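**Q** The structure follows.
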Amino acid sequence: MTTDRPQPYLSPGQPEDGEGATTPLIRNQDFQALWTSRFLAGLGKESGEVAYPLLVLLLAGSASQAGVIGAVQVTTTMITAVVGGALADRADRRAILLFCDLGRLVLLVSFAGLLLGGDDVGVPLVIGVAAASSALMGVSNPVAVAAIKQLVPASQMADASAQNQIRFFSTTALGAPIAGSLFGLGRAFPFVTEAVCYLLSAALLLRIRRPMQASREPEREPWSPRETVSGFVLLARHPVLRPMIGWIVGFNIAFAQAGVFLALIATADERGASHLVVGLTVSLAGMGGLVGSLLAGPVVRRLSPTRIFLITAWSAPVCALALVAVPGTLPLGLIVAVVFALVPGVNAVFFGYVAAAVPDGYQGRALGAVTFMSLLSQPIGIVGIGVVFDHAGPVPVFLVMASVSALAALFTLGPTMRSLPPPEELVVA
């Protein structure tokens with residue numbers, strides 16, 4: 001609700017009105033401005049992940065070189081997320097986000113200008129631009145998530161994380177078709193649109209009134225390499241976050257989206273499915289995540305964190321075994337959709353715990369470590385699925401997925417995971 005007089009800055013968890021009531025998340029203008037800003041930035045990033053390989057295919061006609069783009073982007077994001085996490089705990093978070101958005105704006109405008117001018121753009125330049133854009137995205141991701149702790153009361157952390165899941169899965173669903181349709185108009189159009197997304201994202205950041213970090217001590221020790229890795233140490237020592245991240249890494253090895261899509265496509269092709277059926281199968285699987293993100297809010301409000309983790313963790317190996325037994329092609333997509341639909345609820349709970357349980361001065365480093373470990377496990381899973389399929393076919397692939405996800409699910413059987421408190425009960429300053 002907008003008023004004529006300025007509103008006071010609020011610390012996390014402080015009620016906004018005199019009656020002790022917490023403002024509904026949808027009316028939290030600062031959080032919604034941050035959410036919309038990151039939605040636009042994510043939309044630009046997702047469209048770019050499709051536009052860069054398409055451009056390389058147009059320039060070089062090489063699928064392998066187009067594949068290098070994806071590997072470079074994931075690796076760059078993974079490494080720079082750790083750097084971004086360290087920066088988030090030392091520097092002004094709004095300034096970092098503005099620098100990253102405006103940096104990508106300048107980068108994409110310059111690149112689009114070269115394409116529109118008819119200059120000879122080679123594959124190395126495309127890879128360089130993609131890497132630079134991914135580096136800025138990698139830095140900004142943990143910074144933006146770390147800021148949520150200052151913009152949202154502790155009781156709404158899980159709901160805010162659930163809303164972030166809608167952002168992630170909707171940009172994933174929208175980015176590819178937007179990039180494909182714009183590429184049909186001209187090779188520069190996707191990059192011009194991506195630049196506009198970053199401009200609008202930066203403008204929204206300027207509308208956020210509250211500080212995006214807690215007050216800092218006037219003097220801090222000089223930076224050291226140990227500070228960069230301290231996020232990993234925090235995760236390893238935290239009694240609640242440690243088993244959670246252990247399960248997440250194992251789950252990502254078995255059910256990384258790109259790896260599962262590869263398994264579905266290869267299996268459908270082996271079974272003689274048409275290109276239309278293959279596309280529908282993958283679309284069905286992908287829609288599971290989007291549907292799950294829309295339901296994540298009600299799920300985290302109605303189910304305990306323990307139930308959410310247990311249901312998701314043990315559904316994964318069961319569904320992987322179902323992939324072994326089910327005939328046809330389209331049912332494969334439906335089964336995978338069930339797994340992907342459960343993921344947003346777990347993500348919402350997990351990031352709610354990180355936001356609530358980790359001190360603000362360590363938020364960035366913890367989130368950078370989470371991003372690194374999540375992304376590191378995905379290439380392992382993707383490569384593993386491809387190698388097993390080439391040597392043994394689909395049934396062993398699905399059996400391996402079931403075995404790895406079952407081993408990962410063992411993390412949920414410990415006493416800590418069986419009696420998880422609500423995230424707000426772990427709040428620290």
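**Q** Given the conditions (1) open to solvent by 50 Å² or more (accessible area, probe 1.4 Å); (2) under 23 Å from residue 98 (Cα atoms); (3) polar (S, T, N, Q); (4) part of a helix (DSSP H, G or I), which single one is not true for residue 215?
**A** (4)
**Q** Here's something else I'd like to know. Could you tell me which residue of the range 71-95 is farthest from residue 249 (Cα to Cα), considering only residues that are in contact with a helix residue (DSSP H, G or I) (Cβ under 7 Å, 6 or more places away or on another chain) and of a type in the set (Gly, Ala, Ser)?
**A** 88
**Q** Does the range 194-211 include one or more residues that are polar (S, T, N, Q) and open to solvent by 20 Å² or more (accessible area, probe 1.4 Å)? Please lay out each step first, then the result.
**A** Filtering the range 194-211 for residues polar (S, T, N, Q) gives 201.
In the following step, the residues that additionally are open to solvent by 20 Å² or more (accessible area, probe 1.4 Å) were identified as none.
No: zero hits.
**Q** Checking the condition within 18 Å of residue 53 (Cα to Cα), in contact (Cβ under 8 Å) with a residue 12 or more places away in the chain and among the small types (Gly, Ala, Ser), which residue from 158, 147, 112 passes?
**A** 112
**Q** All but one of (1) touching a residue at least 40 places away in the same chain (Cβ under 8 Å); (2) among the hydrophobic types (A, V, I, L, M, F, W, C); (3) open to solvent by 50 Å² or more (accessible area, probe 1.4 Å) hold for residue 236; state the number of the condition that does not hold.
**A** So residue 236 meets the others, but not (1).
**Q** Just to be sure I understand, how many residues within the range 127-144 are surrounded by 24 or more Cβ atoms within 10 Å (Cβ to Cβ), within 19 Å of residue 54 (Cα to Cα) and aliphatic (A, V, I, L, M)?
**A** Looking only at that region, the number is 1.
**Q** Hey, another quick one. Filter the range 384-397 for residues that are part of a helix (DSSP H, G or I) and touching a residue at least 12 places away in the same chain (Cβ under 8 Å); which is surrounded by the most Cβ atoms within 10 Å (Cβ to Cβ)? Let's see the steps before the verdict.
**A** Here is the first cut: in the range 384-397, the residues part of a helix (DSSP H, G or I) are 384-392, 394-397.
Restricting the remaining residues to those that are touching a residue at least 12 places away in the same chain (Cβ under 8 Å) gives 384-386, 388-389, 394-395, 397.
Working: 384: 18, 385: 25, 386: 15, 388: 18, 389: 21, 394: 19, 395: 13, 397: 27.
Ranking the qualifying residues of the range 384-397, first place goes to 397.
**Q** Residues to consider are 285, 316; find the one that is closer than 25 Å to residue 404 by Cβ, in contact with a Gly (Cβ under 6 Å, 6 or more places away or on another chain) and in a helix (DSSP H, G or I).
**A** 285
**Q** Restricting the range 269-298 to residues that are touching a Leu at 6+ places or on another chain (Cβ under 9 Å) and surrounded by 22 or more Cβ atoms within 10 Å (Cβ to Cβ), which is farthest from residue 333 (Cα to Cα)?
**A** 292
**Q** So for the range 359-381 (the condition being buried (at least 20 other Cβ atoms within 10 Å of the Cβ) and in contact with a Phe, Trp or Tyr (Cβ under 7 Å, 6 or more places away or on another chain)), does at least one residue qualify?
**A** yes
**Q** Do we find that residue 336 is more than 24 Å from residue 263 (Cα to Cα) and either open to solvent by less than 30 Å² (accessible area, probe 1.4 Å) or under 20 Å from the mean Cα position of the chain (by Cα) (or both) in this structure? Before you say what the answer is, go through the steps one by one.
**A** Values: more than 24 Å from residue 263 (Cα to Cα): no; either open to solvent by less than 30 Å² (accessible area, probe 1.4 Å) or under 20 Å from the mean Cα position of the chain (by Cα) (or both): yes.
In short, no.
**Q** In addition: Name the residue that is surrounded by the fewest Cβ atoms within 10 Å (Cβ to Cβ), counting only residues in the range 254-268 that are aliphatic (A, V, I, L, M) and within 16 Å of residue 168 (Cβ to Cβ).
**A** If we filter the range 254-268 for residues that are aliphatic (A, V, I, L, M), which is where we start, we get 254, 256, 258, 260, 262-266, 268.
Imposing the further condition that a residue be within 16 Å of residue 168 (Cβ to Cβ) reduces the set to 256, 258.
Numbers: 256: 22, 258: 14.
Across the range 254-268, the extreme among qualifying residues is 258.
**Q** To continue, here is another question. Return a yes/no flag: does the range 15-23 have any residue that is at pLDDT 70 or above and not hydroxyl-bearing (Ser, Thr, Tyr).
**A** Within the range 15-23, not a single residue is at pLDDT 70 or above and not hydroxyl-bearing (Ser, Thr, Tyr).
To keep it simple, each residue is scored yes or no on (1) small (Gly, Ala, Ser); (2) part of a helix (DSSP H, G or I); (3) touching a residue at least 60 places away in the same chain (Cβ under 8 Å); (4) surrounded by fewer than 19 Cβ atoms within 10 Å (Cβ to Cβ).
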| site | (1), (2), (3), (4) |
| --- | --- |
| 399 | no, yes, yes, yes |
| 405 | yes, yes, yes, no |
| 408 | yes, yes, yes, no |
| 412 | no, yes, yes, no |
| 424 | no, yes, yes, yes |
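**Q** Same structure again: Given the condition more than 30 Å from residue 23 (Cα to Cα), at pLDDT below 90 and part of a helix (DSSP H, G or I), answer yes or no: does some residue in the range 152-173 qualify?
**A** yes
**Q** Pick from the range 180-193 the residues that are open to solvent by less than 20 Å² (accessible area, probe 1.4 Å) and in a helix (DSSP H, G or I): which of them is nearest to residue 111 (Cα to Cα)?
**A** 191
**Q** All but one of (1) under 19 Å from residue 164 (Cβ atoms); (2) open to solvent by 10 Å² or more (accessible area, probe 1.4 Å) hold for residue 315; state the number of the condition that does not hold.
**A** (1)
**Q** Going residue by residue through the range 313-320, is there one that turns out to be under 30 Å from residue 229 (Cβ atoms) and in contact with a helix residue (DSSP H, G or I) (Cβ under 6 Å, 6 or more places away or on another chain)?
**A** Scanning the range 313-320, I find at least one residue that is under 30 Å from residue 229 (Cβ atoms) and in contact with a helix residue (DSSP H, G or I) (Cβ under 6 Å, 6 or more places away or on another chain), so the answer is yes.
The values are calculated or read from the model by the stated rules, or taken from the named source; none is laboratory data. These figures come from a predicted structure and were not determined experimentally. Every residue, glycine among them, receives a Cβ derived from its backbone with ideal geometry; neighbour counts consider all protein chains shown. SASA here: full protein model, heavy atoms, side chains in, ligands and nucleic acids out. Shrake-Rupley method; radii C 1.70, N 1.55, O 1.52, S 1.80 Å.
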